[in-house]
């Protein structure tokens, strides 16, 4: 099995979807340069194939100034060392806020490729507010799937709802075109005035 951490997954997805601005840094000075160019606040994230669930190891930090960046960057390096992670680097990412969704796909052993839509963010697994459809799907089936979730009430009047539908159509295409993908998670997909933006992703491949 091949693992695509956030950096690798987002490089793959950038051909299909809008990705939040980020850079993989090797030292704190690179993170500070990124902050200088894109301004605070920022997110800092541990990137390792051994830590796909970054929140579980306190591997995501939000920083508002240079001092916080230096403190948290060093803290993330300590966590990686303590857990003996093979570290690719620390991802510096512009902080964006908005409505948080989860979209993705997986290869079901019986039905083949399916797509997923639901409530995203840190509590996605706890809330279990999601719906599934077997690929291929069309726009009507996607709308039906979305209406089965509680989060749909929060986005049904959003001007960028069409972008969410388009994102799910793209996931449908990816899952059909790439049968080697076992699992694809985008959590969260952020919906705000700038559109529908991938803020975190991971993939598992055969």
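Derivation of every value follows stated rules applied to the coordinates shown; laboratory data play no part. Here the structure is a predicted model, which means the values were calculated and not measured. Every residue, glycine as well, gets a Cβ built from its backbone with ideal geometry; the counts of neighbours run over all protein chains shown.
Computed quantities for the displayed model
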item	result
Distance (nanometres) between label positions extended 7 Å along Cα→Cβ at residue 206 and residue 37	3.9 nm
Per-residue Cβ neighbour rank within 10 angstrom, fewest leading, 55, 48	55, 48
R0 of 22 Å, Cβ-Cβ distance residue 139-residue 183: FRET efficiency to nearest 0.05	0.35
Values of log10 I(q)/I(0), in the order q = 0.10, 0.14, 0.16 Å⁻¹, for segment 1-103 under a Debye, Cα-only, solvent-free model	-0.26, -0.53, -0.69
Percent of alpha-carbon pairs separated by more than 17 Å within segment 97-206	49 percent
Gain on full stretching of the segment that runs from residue 194 to residue 170 - 0.36 nm per residue minus C-alpha separation	6.8 nm
Sorted by Cβ density within 10 Å, fewest first, the residues 1, 145, 70	1, 70, 145
Ranked packing of 131-143, 194-206, most packed first, by mean Cβ within 10 Å	194-206, 131-143
Whole-angstrom gap from segment 84-152 to segment 1-39, using each part's C-alpha centre	20 Å
Sites residue 1 and residue 110 - FRET efficiency at Förster radius 25 Å, r taken between beta-carbons, to 0.05	0.80
Cα radius of gyration and Dmax for segment 1-42 (Å)	12.6, 38
FRET E, pair residue 157, residue 125, Förster distance 35 Å, beta-carbon r, rounded to 0.05	0.85
Length added when fully stretched, residue 58-residue 70, from 0.36 nm per residue minus Cα-Cα	2.7 nm
Coordinate range along principal axes, alpha carbons of the chain, Å, largest first	49, 38, 31
Crossing angle, helix 66-82 versus the chain [Cα axis fit, 0-90 degrees, rounded to tens]	80 degrees
Per-peptide average of other Cβ atoms within 10 Å, ordering 83-91, 96-104 highest first	96-104, 83-91
Helix axis angle, 28-38 relative to the chain longest principal axis, alpha carbon, degrees	60 degrees
The chain: calculated mean residue ellipticity at 222 nm from DSSP helix runs of at least 4, using -39500 (n - 2.57)	-10000 deg cm²/dmol
Cβ crowding within 10 Å averaged over residues, with 182-190, 5-13 ranked highest first	182-190, 5-13
Prolate/oblate/rounded call for segment 154-199, Cα gyration tensor, a/c under 1.5 rounded	prolate
The chain - percent relative contact order, Cα under 8 Å, separation 6 or more	26 percent
Using alpha-carbon coordinates, inclination of helix 161-177 to the longest axis of the chain, degrees	90 degrees
